[in-house]
Amino acid sequence: SVHFNDPKYPQQWHLNNWRSPGRDINVTGVWERNVTGRGVTVVVVDDGVEHTIQDIAPNYSPEGSYDLNSNDPDPMPHPDAENGNHHGTRCAGEIAAVPNNSFCAVGVAYGSRIAGIRLLDGPLTDSMEAVAFNKHYQINDIYSCSWGPDDDGKTVDGPHQLGKAALQHGVMAGRQGFGSIFVVASGNGGQHNDNCNYDGYANSIYTVTIGAVDEDGRMPFYAEECASMLAVTFSGGDKMLRSIVTTDWDLQKGTGCTEGHTGTSAAAPLAAGMIALMLQVRPCLTWRDVQHIIVFTATQYEDRHADWITNEAGFSHSHQHGFGLLKAWRLVNAAKIWTSVPYLASYVSPVLKENKAIPLSPHSLEVLWNVSRTDLAMSGLQTLEHVAVTVSITHPRRGSLELRLFCPSGMMSLIGAPRSMDSDPSGFEDWTFSTVRCWGERARGSYRLVVRDVGDETLPAGTLHQWRLTLYGSAWSPGDIRDRQRLLEDAMSGKYLHDGFSLPCPPGLRIPEEVAYPITPNTLKTLVLVGCFAAFWTVYYVLEVYLSQRDVASPPVCQRPCRWLPRSRKAREEGAELESVPLCSSKDPVEAEAEAAGPVIAAAAPGPGLRGREEQVC
Amino acid sequence: LPRTGGPEARSPGGLSWAVHLDNLEGKGQEETAEQKADALARAAGLVNAGRIGELQGHYLFVHPAGHHSDQQAEAIRQQAEAVLARHEAVHWHSEQKLLKRAKR
């Protein structure tokens, strides 16, 4: 029953696919129930957002926006030689393009507000990233970040010290304490055998990592496999397949509308939009609740090439597709009835020093660490969420290394995939790999790290120097997980998705944001200095005038006693607290005497200066 | 007086350091932390550009904008590193380098 007059809406197959039913995000039913993202703000952290274009302007949030490249509040993109600064605008359109304006397209969360942080169009440092991740973090609920380190298949990089601190601070204090939601694209390095576990943004526990699937339901040529990917949603594929239709900029060669948005860049904003729909129905979802709901509701689907494995908790994950496809209907219905997951519990093993050689394949180095009930007693950790392994390895060719992690259940995660293009000789220095494949499984038991060298014999062997295991999870038991799965399936009929049903939400925290002082301390000091200077000269000049006039002026006395001018009777009757009495008034003395009815104030006889002039009435 | 424009400002070609000072900020102590950051920046030959975003105790110190020769830059770097590495209030510091990031 949903109809829009936006001319490109029929081509937005990812929203409603008439050609291949089911190959869409299943959002129309959510819209029909008036869930559109109202009350939620999504910020696109990118190269800018052209917020003046008619598909974005009505939903634009200036309060959540900023330009970190030019240091001003306006994130408008700048035209460039490559005509490339349209990226942020396209992502923004996917999320919140205005419907029924006879222009271009419709956004997933068309009722939400969309902000922009311009960050990528210039030199970028760790401190700038840190500012971006917490910018207006009490206004912006979701940060959509379709970027990351190079996907060249040989880069190992991620957020540095400040960026990491900002991500952590965002999930702790952002969104009134419920936690900012960071959505990142898993990367486009598929052709280079890249893996998103070499990207610290994608394998961070604080981010929702989203990959792409094409309209045929297959992994596109650019997509990366990854043990830390949560889910996938739709994007473009090869030349024969349709890409994503969304708003475009209209600067330079832009027309305001594009049918060619693709890559994992196009997938992440769709996920951000669906999360906005979730937050409308339940604003108090925490950042961990959002990740749990994705894990619980993502759908496995038929793909012969994907290695779907069902873990001990009943969740199916594949390195190609994460936990599966995101479906807005399932996400929103689950969010509606979701009660918050218990506090985050974690366990960190000691640093395990090994200093063992890494053999050539088919042989491998296996190291074990057992996590006992006693180890977990203090934190209360029972079931897993993310599992992280931090390693230090030296090897003459980093891309020849393969790392696999086995959880106590036996679930295997390829956390360090071999990369043929990575010939870096510096190995891994305290690099953290992670997996989500053991989500919901019991935490207690033996964890096995298997490392092997898939390169050739000509190079010297590498060495595993040390490693450390970090478990994240909660006090939920395996039984709690099963109960929650049953509860969610019961909600999928949509019976709770109406205004008459609403679980209570606790109030958020009131966290003041950093106030940007328009006047710097140095400017303030200058103003104070100038002010003192002006005050000094004012006093000096007044004194000079007074002292120079004193000799010629007569004493300020009256010729006769001063008489008060009659006050306004009305003011007196009304009991006015203040009366204004002029110091002197040029009136005819006889007239003034006739008017005066008040007390007489004796005054000295006036000096010679006043004689003969109009008398002064005090 | 040098205009730093705050931590959001970028100093093209400029040298900058992120510094994490020991926990000085709390209610009523923010001004003290800012003053200490100012003093430390001056001691290192830099200017305090202010707190980095919402990260308490983290400040950005910049060298006043201007193009430096390699030799000058190295001298500035050495002076800054010498002060920041030894100062008891500095929990952590790092010269800011350019990061390579790509749209996806």
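The values are calculated or read from the model by the stated rules, or taken from the named source; none is laboratory data. Note that the structure is a prediction, hence the values are computed from the model and not measured. Reconstructed Cβ throughout: ideal geometry from the backbone, glycine too, with neighbour counts over all protein chains shown.
Worth a mention:
- The number of residues in the range A:236-281 that are under 21 Å from the mean Cα position of the chain (by Cα), on the phi < 0 side of the Ramachandran plot, surrounded by fewer than 24 Cβ atoms within 10 Å (Cβ to Cβ) and within 14 Å of chain B (Cβ to nearest Cβ) comes to 0.
Okay, residues lined up against (1) within 30 Å of A:ILE337 (Cα to Cα); (2) out of contact with any helix residue (DSSP H, G or I) (no Cβ under 6 Å at 6 or more places or on another chain); (3) exposed (fewer than 12 other Cβ atoms within 10 Å of the Cβ); (4) β-branched (Val, Ile, Thr):
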| position | (1), (2), (3), (4) |
| --- | --- |
| A:SER434 | yes, yes, no, no |
| A:CYS438 | yes, yes, no, no |
| A:HIS465 | no, yes, no, no |
| A:TYR496 | yes, no, no, no |
| A:PRO507 | yes, yes, yes, no |
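- Of all residues in the range A:224-235, one or more are crowded, with 24+ Cβ neighbours inside 10 Å, aromatic (Phe, Trp, Tyr) and modelled with pLDDT of 95 or more.
- Checking each residue in the range A:124-133 for being of a type outside the set (D, E, K, R) and either part of a loop (DSSP other than H, G, I, E, B) or free of Cβ contacts under 8 Å to residues at least 40 places away in the same chain (or both) picks out A:LEU124, A:THR125, A:SER127, A:ALA130.
- Some residue of the range B:51-71 being charged (D, E, K, R), within 14 Å of chain A (Cβ to nearest Cβ) and free of Cβ contacts under 8 Å to residues at least 40 places away in the same chain: yes
- If the condition is being of a type outside the set (Val, Ile, Thr) and farther than 18 Å from B:LYS97 by Cβ, then the range B:37-52 contributes B:ALA37, B:ASP38, B:ALA39, B:LEU40, B:ALA41, B:ARG42, B:ALA43, B:GLY45, B:ASN48, B:GLY50, B:ARG51.
- Members of the range A:480-492 that are more than 11 Å from A:ALA313 (Cβ to Cβ) and either among the small types (Gly, Ala, Ser) or in contact (Cβ under 8 Å) with a residue 24 or more places away in the chain (or both): A:LEU487, A:LEU488, A:ALA491, A:MET492
- So A:HIS160, is it more than 9 Å from chain B (Cβ to nearest Cβ) and surrounded by fewer than 24 Cβ atoms within 10 Å (Cβ to Cβ): no
- Residues that are among the small types (Gly, Ala, Ser) and closer than 30 Å to A:SER477 by Cβ, drawn from the range A:414-459: A:SER434, A:GLY440, A:ALA443, A:GLY445, A:SER446
- Candidates A:SER265, A:SER204 - the one that is touching a residue at least 12 places away in the same chain (Cβ under 8 Å), closer than 25 Å to A:ILE415 by Cβ and in a loop (DSSP other than H, G, I, E, B): A:SER204
- Taken across the range A:120-129, residues that are at negative phi, at the interface with chain B (Cβ under 8 Å from one of its Cβ atoms) and acidic (Asp, Glu) do occur, with at least one present.
- Check on A:GLY211, under 29 Å from B:GLY53 (Cα atoms), in contact with a helix residue (DSSP H, G or I) (Cβ under 8 Å, 6 or more places away or on another chain) and of a type outside the set (A, V, I, L, M): no
- When the range A:24-46 is filtered for residues that are in a loop (DSSP other than H, G, I, E, B) and touching a Phe, Trp or Tyr at 6+ places or on another chain (Cβ under 9 Å), the ones remaining, listed by number, are A:ASP24, A:ILE25, A:ASN26, A:VAL27, A:THR36, A:GLY37.
- All positions within the range B:1-47 that are more than 9 Å from chain A (Cβ to nearest Cβ), under 14 Å from the mean Cα position of the chain (by Cα) and at pLDDT below 65: B:SER11
- Candidates A:THR36, A:THR41 - the one that is within 20 Å of A:ARG330 (Cα to Cα), in contact with a Ser or Thr (Cβ under 8 Å, 6 or more places away or on another chain) and either in contact (Cβ under 8 Å) with a residue 12 or more places away in the chain or basic (Lys, Arg) (or both): A:THR36
- Of all residues making up the range B:72-104, the number that are at the interface with chain A (Cβ under 9 Å from one of its Cβ atoms) and loosely packed, with under 14 Cβ neighbours inside 10 Å: 3
- Those residues of the range A:58-103 which are more than 25 Å from B:ILE52 (Cα to Cα), touching a residue at least 40 places away in the same chain (Cβ under 8 Å) and of a type in the set (Gly, Ala, Ser), in sequence order: A:ALA92, A:GLY93, A:ALA96, A:ALA97, A:SER102
- Inside the range A:88-119, residues that are within 14 Å of chain B (Cβ to nearest Cβ), closer than 22 Å to A:SER235 by Cα and in a loop (DSSP other than H, G, I, E, B) make up a count of 0.
- Residue list for the range A:37-89, restricted to those being surrounded by 15 or more Cβ atoms within 10 Å (Cβ to Cβ) and of a type in the set (Gly, Ala, Ser): A:GLY37, A:GLY48, A:SER61, A:GLY64, A:SER65, A:SER70, A:GLY88
- Boolean, A:GLY399 is on the phi > 0 side of the Ramachandran plot, at pLDDT 95 or above and not aliphatic (A, V, I, L, M): no
- The condition of being of a type in the set (S, T, N, Q), within 22 Å of A:PHE182 (Cα to Cα) and touching a helix residue (DSSP H, G or I) at 6+ places or on another chain (Cβ under 8 Å) does not hold for A:SER243.
- A:ALA212 passes every criterion in (1) of a type in the set (A, V, I, L, M, F, W, C); (2) buried (at least 22 other Cβ atoms within 10 Å of the Cβ); (3) part of a loop (DSSP other than H, G, I, E, B) apart from (3).
- Within the range A:278-292, residues that are over 20 Å from A:TRP31 (Cα atoms) have Cβ atoms under 9 Å from residues that are acidic (Asp, Glu) and surrounded by 23 or more Cβ atoms within 10 Å (Cβ to Cβ) in these pairs: A:ARG288/A:GLU385; A:GLN291/A:GLU385; A:HIS292/A:GLU385, counting only partners at least 6 apart in sequence or on another chain.
- Scanning the range B:39-71 for residues that are out of contact with any helix residue (DSSP H, G or I) (no Cβ under 6 Å at 6 or more places or on another chain) and farther than 28 Å from A:ASN134 by Cβ, we see that the one that is surrounded by the most Cβ atoms within 10 Å (Cβ to Cβ) is B:HIS68.
- Residue in the range A:93-103 that is modelled with pLDDT under 95 and under 24 Å from A:GLN252 (Cα atoms) present: no
- Hits in the range B:88-104 (condition: under 29 Å from B:ALA39 (Cβ atoms) and part of a strand (DSSP E or B)): B:VAL90, B:HIS91, B:TRP92, B:HIS93, B:SER94, B:GLU95
- Pairs, first more than 18 Å from A:THR233 (Cα to Cα) and at the interface with chain B (Cβ under 10 Å from one of its Cβ atoms) in the range A:134-153, second of a type in the set (S, T, N, Q) and part of a loop (DSSP other than H, G, I, E, B), C-beta under 6 Å, six or more apart: A:TYR137/A:SER180; A:PRO149/A:THR155; A:ASP151/A:ASN188
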